[in-house]
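Structure, as structure tokens:
The values are calculated or read from the model by the stated rules, or taken from the named source; none is laboratory data. Bear in mind the structure is a predicted one, so any value in this text is a computation, not a measurement. We place every Cβ from the backbone using ideal geometry, glycine too, and count neighbours over all the protein chains shown.
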Amino acid sequence: EAQVTQNPRYLITVTGKKLTVTCSQNMNHEYMSWYRQDPGLGLRQIYYSMNVEVTDKGDVPEGYKVSRKEKRNFPLILESPSPNQTSLYFCASSLLETDTQYFGPGTRLTVL
Amino acid sequence: GNSVTQMEGPVTLSEEAFLTINCTYTATGYPSLFWYVQYPGEGLQLLLKATKADDKGSNKGFEATYRKETTSFHLEKGSVQVSDSAVYFCALRLIQGAQKLVFGQGTRLTINP
């Protein structure tokens, strides 16, 4: 089954404790992206990647890192999480030449 | 800048009612327009899209027409069902911006039996 998977689905952590949210897709998509969803703000792009070893900042990259060492994986790293990073995070992927992005199920992160 | 504005929610309707969710956009250039739907506890799914002016996207009884003159892409359905309860997002993609999507704030729709 074609899908985007994210882990963990839920995470509660404390300020300053490094964490990684994994994202993996099995559709051989070149493009991958991370969004955060906050009430009243819709989804905002954090980082994106056009292919392996190619990443770039989205609209709200501060406090986040990403890497793209393999085509299928695009982890989101929070080196020192803060409470304002409490949010619902979505990973998405697509082929470069198509319009349709496929979204993962989301990761709900709470930073205390 | 580029932005999408949706009607404020939440929206509550009775089953079989007519639905309209308004969406307007501001963009440089000629964007593609999308409606995504998020069912409870799930990620977003593409509902429909339109890539140029006067195109009509449709899926699952939902429709939206790309209106360049009013910079709008309103979502409509003639008879909603309880299973349509979800959050709906309008979004645009700028051709020159590759795959980046700009989302509206989302509209929560609840359909009562």
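Go through (1) surrounded by 15 or more Cβ atoms within 10 Å (Cβ to Cβ); (2) more than 14 Å from chain A (Cβ to nearest Cβ); (3) within 22 Å of A:Gly58 (Cβ to Cβ); (4) touching a helix residue (DSSP H, G or I) at 6+ places or on another chain (Cβ under 9 Å) and name the single condition B:Pro31 misses.
Only one criterion is unmet by B:Pro31, namely (2).
Name the pairs whose Cβ atoms lie under 8 Å apart, with the first residue in the range B:17-34 and touching a residue at least 60 places away in the same chain (Cβ under 8 Å) and closer than 18 Å to B:Leu47 by Cα, the second acidic (Asp, Glu) and in a loop (DSSP other than H, G, I, E, B), and 6 or more positions between them or separate chains?
Within 8 Å, the pairs are B:Ser32/A:Asp99; B:Phe34/A:Asp99.
Test each condition in (1) over 14 Å from the mean Cα position of the chain (by Cα); (2) among the small types (Gly, Ala, Ser); (3) modelled with pLDDT under 95 for A:Ser80 and report the one that comes out false.
Going through the list (1) over 14 Å from the mean Cα position of the chain (by Cα); (2) among the small types (Gly, Ala, Ser); (3) modelled with pLDDT under 95, A:Ser80 breaks only (3).
Which fully enclosed strands (runs of 3 or more DSSP E) of the range A:14-112 have 2 or more residues being more than 17 Å from B:Gln99 (Cβ to Cβ), away from chain B (no Cβ under 14 Å) and touching a strand residue (DSSP E or B) at 6+ places or on another chain (Cβ under 6 Å)?
Details: elements: A:19-25, A:31-38, A:42-51, A:54-57, A:76-78, A:87-94, A:107-111.
Passing ranges, in order: A:19-25, A:76-78, A:107-111.
Can you name every residue in the range B:34-65 that is over 20 Å from A:Tyr102 (Cβ atoms) and small (Gly, Ala, Ser)?
Hits for the range B:34-65 are B:Ala53, B:Ser58, B:Gly61, B:Ala64.
List pairs: first in the range B:53-77 and among the hydrophobic types (A, V, I, L, M, F, W, C), second outside any strand (DSSP E or B), Cβ under 7 Å, 6+ apart or cross-chain?
Note: pairs meeting the criteria are B:Ala53/B:Tyr66; B:Ala53/B:Lys68; B:Ala64/B:Phe73; B:Ala64/B:His74; B:Phe73/B:Tyr66.
May I ask you to list the residues in the range A:1-13 that are within 14 Å of chain B (Cβ to nearest Cβ), assigned to a strand (DSSP E or B) and out of contact with any Cys (no Cβ under 7 Å at 6 or more places or on another chain)?
A:Thr5, A:Asn7, A:Tyr10
Looking at the range B:81-113, which of the residues that are in a loop (DSSP other than H, G, I, E, B) and within 15 Å of the chain's Cα centre (by Cα) is surrounded by the fewest Cβ atoms within 10 Å (Cβ to Cβ)? It would help to see each step written out before you state the result.
Start the filter on the range B:81-113 by keeping residues that are in a loop (DSSP other than H, G, I, E, B), which leaves B:81, B:85, B:94, B:98-100, B:104-106, B:113.
Of the ones still in play, those that are also within 15 Å of the chain's Cα centre (by Cα) are B:85, B:104-106.
On the way: B:Ser85: 16, B:Gly104: 26, B:Gln105: 20, B:Gly106: 23.
My answer is B:Ser85.
Are any residues in the range B:35-59 under 19 Å from B:Leu109 (Cα atoms), at pLDDT below 95 and not aliphatic (A, V, I, L, M), and if so, which ones? Don't jump to the end; show me each part of the working.
First, pick out the residues of the range B:35-59 that are under 19 Å from B:Leu109 (Cα atoms): B:35-48, B:58-59.
So of that shortlist, the ones also at pLDDT below 95 come out as B:38-46.
Selection gives B:Gln38, B:Tyr39, B:Pro40, B:Gly41, B:Glu42, B:Gly43, B:Gln45.
If you check B:Thr20, B:Thr24, which single one turns out to be touching an Asp or Glu at 6+ places or on another chain (Cβ under 7 Å), of a type outside the set (A, V, I, L, M) and at pLDDT 95 or above? Walk me through how you get there before you give the answer.
Working: B:Thr24 fails: touching an Asp or Glu at 6+ places or on another chain (Cβ under 7 Å).
The match here is B:Thr20.
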